[in-house]
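Single-structure report; data block below.
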Amino acid sequence: MSGILQTVSCLDGYDPDALRVDKAIEAIKACLTPISQTETVPVREALGRILAQEIVPDIDVPAHDNSAMDGYAVRSTDLSEKETTLEEIGVALAGKPFHGAVGRGQCARVMTGAVMPQGADAVVIQEVVKRDGKRVVVPPGQKKGQNVRYAGEDLAVGKPVLHPGAWLRPAEIGLIASLGIGEVQVKRRLRVAFFATGDELASIGTKLKEGEIYDSNRYTLHGMLSRLGVEITDLGVIRDQPDLLEGAFLKAAGSADVVVTTGGVSVGEADFIKQLMAKLGEVLFWKIAMRPGRPMAFGRIGNAFLFGLPGNPVAVMVTFYQFVRDALLHLSGRTDDYAVPLLRVLAGEKLRKVPGRTEYQRGILYREGGEWKVRTTGQQGSGVLRSMSEANCFIVLEHERGSVAAGEPVAVQLMEGLA
Ligand code: AMP
Ligand code: MG
């Protein structure tokens, strides 16, 4: 397939027949340019979207120095090393400032969030004072500035707070709202079209004929794509027929930024699917040194990127999580570090592995004697989708590594957070 390799210029220098996982990730990233189109949405609808503008406060948050506690606003210079008796001259509530000034020997009652009365520079919490009418007795040990929140200590005028490429979580939505901003510019959603191939695939609602299986990959793919917040077009199951497949590829590539297919890329698969992909665009067929998920196609058809994922139900999920997820987030315009962290835990049992490929064994993370350990879900066949359901993590066994003895540290990638 080296002839095809040469036509995919961004993939120059990568050996498609023995590609390491890290090289495949690098090769994919080298080809991708994030989308540039944006749209303006109300701030609540921006949840999960990717910011396309800089957010620069034009107000301080909080706007005024204010009390962090319920208590008494005092002048710290009035306080002595013994008890100090002050005279309460007014009350400041949140949203109802006290307009007088606190003079020598005076204090003002303040509630949390109330603007600090003029003259006062500390708040003494109500629990420690003794009161007698308007006389307030303050114990020693109070410090200037205590229990005061200063104007701009959260967000300050002119100091950029969010940058283009930020992923907008509930905290960012609140932050934007705290500035009084009602609409934000975000990247448009990435459009992803997908379909499954295979003559053996039956759709839900039909009775299985001999040799058929229900198509599950379109459902796992739909789920994984939904969680990434992309716009999805499901083109269904396409029979292994050149004309139908060609139509599906062209339709998908004509309307989407990314086309994801499942099935048809394995060695034993009818070659015409590969020939077709290669005819329609610049597509490279990879044998990735990984398990599960060795075969994968990557390239372009028209303006769309193509990920031809394997058909085996576990392989499609593993290749999606290890290659497609990050590619889609990058294309969507995310600039934060969205890599799912690898944790080091102890193997709770012996793990069989051969050097020369990266393995993603399905694991169950558990705690034993205060220590996090991991064991496999058992049967690791790439058709055993149950292993993905039972797992809460991937045990990532690195390329060079051989079998792992019980008690050795291994890397795990939590599935929660992958999407
Ligand atoms: P393929 O990559 O097309 O050679 O398929 C590899 C294996 O995955 C075969 O056992 C297929 O029956 C199975 N498979 C392919 N597509 C799907 C699908 N959409 N849902 C469930 N299993 C599938
Ligand atoms: Mg097939």
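The values are calculated or read from the model by the stated rules, or taken from the named source; none is laboratory data. Fair warning: this is a prediction, and the values are worked out from it, not measured in the lab. For neighbour counting, all protein chains shown are included, and Cβ atoms are generated from backbone atoms with ideal geometry for every residue, glycine included. Each accessible area value is taken on the protein alone, full model and side chains, heavy atoms only, with ligands, DNA and RNA left out. Shrake-Rupley method; radii C 1.70, N 1.55, O 1.52, S 1.80 Å.
About the centre of its Cα atoms, the stretch 41-134 shows a dipole size close to 260 debye [charges on the beta carbon of Lys, Arg (+1) and Asp, Glu (-1) only; nearest 20 debye].
In whole percents, the pair-distance distribution calculated for the chain from its alpha-carbon pairs, binned every 20 Å from zero, is 22, 38, 23, 15, 2. The angle between the Cα long axis of helix 242-255 and the main principal axis of the chain comes to about 20°, on a 0 to 90 degree scale.
Scoring 256-264, 203-211, 345-353 by mean Cβ neighbours within 10 Å over their residues and listing the highest first yields 256-264, 345-353, 203-211. Summing Cβ point charges (Lys, Arg +1; Asp, Glu -1) relative to the Cα centre of the chain gives a dipole of roughly 580 debye.
Excluding same-chain neighbours fewer than eight residues apart, the lysines reachable from Lys251 by a Cα-Cα span under 22 Å are Lys274, Lys279.
Once you list every other residue whose beta carbon is under 13 Å from the beta carbon of Ala114, what net charge do they have if Lys and Arg are +1 and Asp and Glu are -1? If you can, show how the numbers build up before the last one.
On the way: positive: Lys96, Arg109, Arg149; negative: Asp65, Asp70.
Spelling it out: positives minus negatives among the neighbours equals +1.
Length gained on full extension, Gln126 to Arg104, computed as 0.36 nm times the residue gap minus the Cα-Cα distance: 5.9 nm.
In percent, what relative contact order does the chain have, based on Cα pairs under 8 Å that are 6 or more apart in sequence? Walk me through the numbers on the way to the answer.
Values: 955 pairs, mean separation 67.4, N = 419.
Relative contact order of the chain: 16 percent.
Counting only Cβ charges, +1 for Lys and Arg and -1 for Asp and Glu, the dipole size of the stretch 296-374 around its Cα centre is about 240 debye. Residue separation of Ala94 and Leu342 scaled by 0.36 nm, minus their Cα-Cα distance, works out to 84.8 nm of gained length. The mean accessible area for residues of the stretch 222-360, using a 1.4 Å probe and ignoring ligands and nucleic acids, is 39 Å² per residue.
Of all aspartates and glutamates in the structure, those lying under 15 Å Cα to Cα from Lys134, and not within fewer than 8 positions of it along the same chain, are Glu87, Glu88.
Comparing Ala122, Gly158, Gly100 along the charge dipole axis of the stretch 53-206, the residue lying farthest to the positive side is Gly100, per the Cβ-charge model.
Just to be sure I understand: of the beta bridges DSSP finds with both ends in the chain, what percent are antiparallel, rounded to 5? List each step's numbers first, then the result.
Values: 59 of 87 bridges.
Beta bridges within the chain, antiparallel portion: roughly 70 percent.
Can you tell me the orientation of helix 217-227 relative to the chain, as the angle in degrees between its alpha-carbon axis and the longest Cα principal axis, to the nearest 10? The answer is roughly 20 degrees. Rank Phe394, Ala347, Val259 by how far each Cα sits towards the positive end of the charge dipole of the chain (+1 on Lys, Arg Cβ; -1 on Asp, Glu Cβ) and give me just the farthest. Of Phe394, Ala347, Val259, it is Ala347.
Whole number in Å², please: accessible area per residue of the stretch 78-182, 1.4 Å probe, ligands, DNA and RNA not counted. Intermediate values should be presented prior to the final figure.
Working: 5850 Å² over 105 residues.
For the stretch 78-182, the solvent-accessible area averages 56 Å² per residue.
Roll a 1.4 angstrom probe over the protein heavy atoms and tell me the percent of accessible area of the stretch 241-351 that is carbon or sulfur. Of all accessible area on the stretch 241-351, carbon and sulfur atoms account for 52 percent. If I model a spin label at Ser389 and Glu408 as a point 7 Å from the Cα along the Cα→Cβ vector, what separation in nanometres do I get? Label-label distance for Ser389 and Glu408, simple model: 3.2 nm. Shown in residue order for the stretch 171-177 are the 3J(HN,Hα) couplings computed by the Karplus curve 6.51 cos²θ - 1.76 cosθ + 1.60 at θ = phi - 60°: 4, 5, 4, x, 4, 5, 4 Hz (x for Gly and Pro). Angle of helix 271-280 to the longest C-alpha principal axis of the chain, folded into 0 to 90 degrees and rounded to 10: 60°.
For the chain, which cysteines have no disulfide-compatible partner, meaning no other cysteine Cβ under 4.7 Å? Cys107, Cys393 - these cysteines have no disulfide-compatible partner (Cβ-Cβ under 4.7 Å) in the chain. Of the peptides 73-79, 337-343, the ranking by mean beta-carbon count within 10 Å, highest at the top, reads 73-79, 337-343. The 3J(HN,Hα) values that the Karplus relation (6.51, -1.76, 1.60; θ = phi - 60°) gives for the stretch 284-295 are, in residue order, 10, 9, 9, 10, 8, 6, 8, 8, x, x, 4, x Hz. Gly and Pro appear as x.
Projecting the Cα atoms of Met224, Pro242, Ser332 onto the dipole axis of the chain, where Lys and Arg carry +1 and Asp and Glu carry -1 at the beta carbon, places Met224 farthest toward the positive end. A Förster radius of 35 Å combined with the Cβ-Cβ distance from Leu244 to Lys350 puts the calculated FRET efficiency at roughly 0.15. The Rg/Rh ratio for the stretch 1-136 is 1.50, where Rg is the radius of gyration of the alpha carbons and Rh is the Kirkwood radius.
May I ask you to order 283-292, 305-314 by the average number of other C-beta atoms within 10 Å around their residues, highest value first? Write down the numbers at each step before the final one.
On the way: 283-292: 22.4, 305-314: 24.7.
Most protected by this proxy first, the peptides run 305-314, 283-292.
Among the aspartates and glutamates, which have Cα under 15 Å from the Cα of Lys96 when same-chain residues fewer than 8 positions away are ignored? Answer for Lys96, where 15 Å is the Cα cut-off: Asp65, Asp70, listed by chain and number.
At 1.4 Å probe size, with the rest of the protein present, what percent of the exposed accessible area of the stretch 126-192 is carbon and sulfur atoms? Please list the in-between numbers first.
On the way: 2000 of 3860 Å².
Ligands and nucleic acids excluded, carbon and sulfur reach 52 percent.
Spin-label model, Ser76/Lys159: points 7 Å from Cα along the beta carbon direction are separated by 2.0 nm.
When a/c is below 1.5 the answer is rounded, else prolate if a/b is larger than b/c, else oblate, so apply that to the stretch 254-351 with a ≥ b ≥ c taken from the square roots of the Cα gyration tensor eigenvalues. Taking the square roots of the gyration eigenvalues as a ≥ b ≥ c, the stretch 254-351 is oblate. Annotation for Arg135 and Thr33: the two label points, set 7 Å from Cα along the Cα-Cβ direction, are 7.9 nm apart.
Taking Ala406, Ala24, Ala304 in turn, the Gaussian network model of the chain (Cα-Cα springs below 10 Å) assigns the largest fluctuation to Ala406. Between Ile213 and Gln53, full extension at 0.36 nm per residue minus the direct alpha carbon distance yields a gain of 52.9 nm.
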